[in-house]
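Here the structure comes first, spelled out in structure tokens, and everything after it is commentary.
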Amino acid sequence: MTSETPATQALDLIGLLHAETGLEETELKKLRDQAAATGTTFDRVLLTRNVDELAVLKAFAADMEMEVWETLGGTQVPRGFVDVVPLSFARAHDLIAVGVNGRRLIIASAHPLDLHPQDDLAAMLPEGVDFVLAPRNEITELVNRAFRHKADGVGEALDDLEGADIASLAAEIEVGEDLLDVANKAPIIKLVNSVLFQALKLRASDVHFQPYVDRLQVRFRIDGILYAMETIPKGAQDAILSRIKVMGKMDIAERRLPQDGRASIRIGDGEVDVRISVVPTAGGERAVLRLLDKSGGVYALDSIGLDEENLKTLRHYINYPHGIILVTGPTGSGKTTTLYGSLTEISTGEKNILTIEDPVEYQLDGISQVQVNAKKGLTFPAGLRSFLRQDPDVMMVGEIRDLETAEIAIRAAITGHLVFSTVHTNDAPSTVTRLVDLGLEPYLVSSSLVLVVAQRLVRTLCPSCRTWRKPTDAESAQLRDLGLEMADLPDGKIANSPGCDECFQSGFQGRTAIYELLPLSEDLRSLIMQRAPASDLKRKAVAEGMRTLRMDGMKKVVRGLTSPEEIMRVTQLDV
């Protein structure tokens, strides 16, 4: 059997790439020559041209006789890999162990031609290694999960603080600083970056730096629950707060007044917006950082917890030509996510969509978003009034807080526009009475309001340790109190997660939403005109088929997504 020359092999690869990606062979050859001239690997050059990554990997896999793993969801990383390989190496070179074959580790790589890092990895590991190919985002996500319980450099950064001159704080900050670039940073900067990196890996939404008499406590809010994390020596408190203020472009000399700021940080290719709030307390200044990961993108309506029936209802009403749709719930209940998902779905390029928000959390393609600026006079009412002169089809106002905003929104809905907004109420029916209490005439509310969506976020059971078992007598009684009989449960069993390393022993990982959708029927409009109380509206709505928050939550309990205790925790006011 004759061996192929390198030129023949390259032609074979070019042919495979042409078949997988659709690029012309002449262009592929030019890109190959460009890679050779610049010293960049061919696969990386291809990806700079926005070629489908999976198609490129499949072509290289066929040429090099390798496997492609399209998804790494549910993959468990062998413990030996995490103990031996540094996080920085795994992340920098997109390499992660995805399984064991006999006495050899199976390693997923996103870069088939990165031979030197692959050789370095093989030298680190006592076992033999076999390589497969996988998309980079899948590897990044698995690296984050696998290394989440390691110290992330926080402990190392704390060690560096000892003996360091923490009074001399490096005040320079690059725009969009990369959290992974900590090698040559000052100890304080390294510590703050490491804490933020750890928070993002653990999917934290907020980071709290809380001062005590003897220490500065770091806490993360994960899935709505606060967890105590690192403890930082009291001596480093002022320097850390100064560093946080520098990130948020605040006045580091001002320690007596609250301050707000914003920053943008990077993790590799991903970008994260940080909203920073600093307030003075008796023990010193306290900082809370809200993390908004822009690389996560906006959720689609079919991925935020709506079941088939509720999804069909919501899609029906968001395509109305005019009217007002209100989303209600407490702070942090996912209202903005639902609104963004709705706007993204109806943003087809044929509609002029305008939003006024405080603040703008995510940039939406094809939608004009305006940030409230009260100091300059750009308030919700002022923004809404100017929107009416912008030939809008759809408008979104971040929140209806007062009568003025409510009147403009309602009148915009009556005059032929579709308006989205949020209100802070406990359930859907009480939203209607809240509008009337604000001072709106009942006839305006009944003629303009088309749909109210109430929602809450509930933690979902950890898939890694979830099991199904028969409920105990106490649990059966609890389920009956919530309106569930044993016959409603699949095989008479209920899902339970006892807790594992993946979920901090909490039994929960991630969140989903429960919903209460209230379409305005003619009977309900009549009740509104009569100024009926919220309890009467709710009774009528349930009689017409509305599922309350608790009813929707119990459907998720039956499906094994969450626990009865979690539903009771967030729907205690839904009686």
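The values are calculated or read from the model by the stated rules, or taken from the named source; none is laboratory data. For clarity, every value in this text was computed on a predicted model and none was experimentally measured. Cβ placement follows ideal geometry from the backbone for every residue including glycine, while neighbour counts extend to all protein chains displayed. The accessibility values were calculated without ligands, DNA or RNA, using every heavy atom of the protein model including side chains. Shrake-Rupley method; radii C 1.70, N 1.55, O 1.52, S 1.80 Å.
So, in Å, what gap is there between the alpha-carbon centers of region 399-427 and region 344-389?
14
Of the listed pairs LYS335/LYS470; LYS58/LYS312; LYS190/LYS234; LYS201/LYS335, which have alpha-carbon separations greater than 27 Å here?
Those over the limit are LYS335/LYS470; LYS58/LYS312.
Hey, got the dipole for region 22-154? About the Cα centre, +1 on K and R Cβ, -1 on D and E Cβ, debye to the nearest 20?
420
For THR425, list long-range residues whose amide hydrogen, built 1.01 Å from N in the peptide plane, is under 5 Å from its own amide hydrogen.
GLY329
If one computes P(r) from the Cα atoms of region 358-480, what percent of pairs lie at distances over 24 Å?
Here the tail beyond 24 Å accounts for 45 percent of pairs.
Only bridges whose two residues both fall in the chain count here: according to DSSP, what percent of them are antiparallel, nearest 5?
Bridges in the chain are about 65 percent antiparallel.
Going by amide H atoms built from the backbone, whose H comes under 5 Å of the H on THR571, apart from near neighbours?
Close amide H contacts, sequence-distant or interchain: none at all.
How much accessible area per residue does the chain have, counting only protein heavy atoms and a probe of 1.4 Å, in square angstrom?
Value returned for the chain: 47 Å² of accessible area per residue.
Take the Cα pairs of region 180-262, get the Kirkwood Rh, then feed it into Stokes-Einstein at 20 °C and 1.002 mPa s and tell me D in µm²/s.
Translational D for this selection: 158 µm²/s.
Counting pairs of alpha carbon atoms under 8 Å apart in space and at least six apart in sequence, what relative contact order in percent does the chain give?
Computed over the chain, the figure is 8 percent.
Evaluate the chain: find the radius of gyration of its Cα atoms, find its Kirkwood radius, and give the ratio Rg to Rh.
Answer for the chain: 1.01.
Pop a pseudo-label 7 angstrom from the Cα along the beta-carbon direction at both ALA282 and LEU311 and give the gap in nm to one decimal.
5.2
DSSP loop (so not H, G, I, E, B), at most 11 other Cβ within 10 Å: list which trypsin sites (Lys or Arg not before Pro) in region 226-278 pass both filters.
Hits after loop and neighbour filter: ARG256.
Pairwise over distinct Cα atoms, reciprocal of the mean inverse distance: report the Kirkwood radius of region 2-125 in Å, one decimal place.
Answer for region 2-125: a Kirkwood hydrodynamic radius of 16.0 Å.
Can you work out ³J(HN,Hα) from phi for every residue in region 338-348, in order, using Karplus 6.51 cos²θ - 1.76 cosθ + 1.60 and θ = phi - 60°, giving whole Hz and x for Gly and Pro?
Each residue of region 338-348 in turn: 5, 5, 4, x, 5, 5, 4, 5, 8, 7, 9 Hz.
For region 372-455, which trypsin sites (Lys or Arg not before Pro) pass both filters: DSSP loop (anything but H, G, I, E, B) and at most 11 other C-beta atoms within 10 Å?
Here the trypsin sites (Lys or Arg not before Pro) that fit, given the DSSP loop and packing criteria, are ARG389.
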